[in-house]
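Have a look at the structure below before the remarks.
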């Protein structure tokens, strides 16, 4: 039986008690196929040369020999720090949220070229941008890549839209826009003046514009998928008076079933994601104007919600996740 030397890359500075990484590490460490597990955090100043300057000789981390716990000061990430040699590891589990550059991801693919990386960096580059949704027009509400204010004006002349920054997550930077007003979830602005200001500093990559769906109050469903199998789903409902469903933006979460159209969405997505080395991903859906669930997001970079899903369903979700990780690793190294 092959046993894996696992490296977990994360950033504890943005963690909360709800972060999935603690439960995943603690169960991963006890699995018979895990030889050892080390963790290195971007949140440590000592790791700036690795994460910011891409110096592979400057990675510091610690071996996890007992359960790791969340604390506000991230103490468990700095215990017995030692230099880590990238060549030692044959599995890398990345739990790094934005900001993370494509250059860094490509470098990861290079320095860990003999290791199983979950998810594969090149796959993340392709799939973790909102632009990837344009490959699936039949699964989504009407959408367009807007590379100028003129593009946005053309879209809002047809219907209200939600503008999505291409590389943000957790509801950050989302804007609901119609011809009269712009709403960021907290405040409203006059569209004319807001777009004039936006034109002065328009992001080079643009925004993904998606038709605003009137049934957004029925909730945004997060579906957790590992190895093509749906493990769990939760419905995130917006806070009173808000259109943003993300828990990070004030929404609330409860367990949910998966509809037949959502099963179909995953069946369409999975072959393309699997081909790109994406094992773990989250699919978000909204109810469209005809009452059917449609695709609104694909999350492949730092997918959370596993401990919460385990608590909501009573199923061993994290154990199921880890079993699929090792099945994938065995297939990759065969």
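The values are calculated or read from the model by the stated rules, or taken from the named source; none is laboratory data. All figures in this text were calculated on a predicted structure; none of them were measured in a lab. Every residue, glycine as well, gets a Cβ built from its backbone with ideal geometry; the counts of neighbours run over all protein chains shown.
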Practice item. Considering each of 248, 239 in turn, give the residue that is surrounded by fewer than 19 Cβ atoms within 10 Å (Cβ to Cβ), closer than 30 Å to residue 279 by Cα and at pLDDT below 95. Key: 248
Study note, to complete from the structure: A careful count of residues in segment 111-124 that are more than 20 Å from residue 60 (Cβ to Cβ) and modelled with pLDDT of 95 or more gives 8
Exercise for review: Could you check how many residues of segment 120-135 are in a loop (DSSP other than H, G, I, E, B) and touching a helix residue (DSSP H, G or I) at 6+ places or on another chain (Cβ under 8 Å)?
Suggested key: 1
**Study point:** Subset tally (residues that are part of a loop (DSSP other than H, G, I, E, B) and under 24 Å from the mean Cα position of the chain (by Cα)) for segment 74-95
**Key:** 3
Practice item. Go through segment 174-183 and give me each residue that's free of Cβ contacts under 8 Å to residues at least 24 places away in the same chain and surrounded by fewer than 16 Cβ atoms within 10 Å (Cβ to Cβ). Key: 179, 180, 181
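Residue-wise test of (1) surrounded by 12 or more Cβ atoms within 10 Å (Cβ to Cβ); (2) under 27 Å from residue 125 (Cβ atoms); (3) out of contact with any helix residue (DSSP H, G or I) (no Cβ under 7 Å at 6 or more places or on another chain).
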position: 26; (1), (2), (3): yes, no, yes
position: 34; (1), (2), (3): yes, no, no
position: 58; (1), (2), (3): yes, yes, no
position: 84; (1), (2), (3): yes, yes, yes
Review point. Do we have any residue at all in segment 149-166 that's out of contact with any strand residue (DSSP E or B) (no Cβ under 9 Å at 6 or more places or on another chain), assigned to a loop (DSSP other than H, G, I, E, B) and either at pLDDT below 95 or farther than 21 Å from residue 288 by Cα (or both)?
Key: no
Review point. So which of 14, 74 ends up being in the same structural domain as residue 112 (by TED's automatic domain parsing), touching a residue at least 12 places away in the same chain (Cβ under 8 Å) and out of contact with any strand residue (DSSP E or B) (no Cβ under 8 Å at 6 or more places or on another chain)?
Key: 14
Review point. With (1) in contact (Cβ under 8 Å) with a residue 12 or more places away in the chain; (2) in a loop (DSSP other than H, G, I, E, B); (3) in the same structural domain as residue 201 (by TED's automatic domain parsing) as the list, and residue 98 as the residue in question, which single condition is left unmet?
Key: (3)
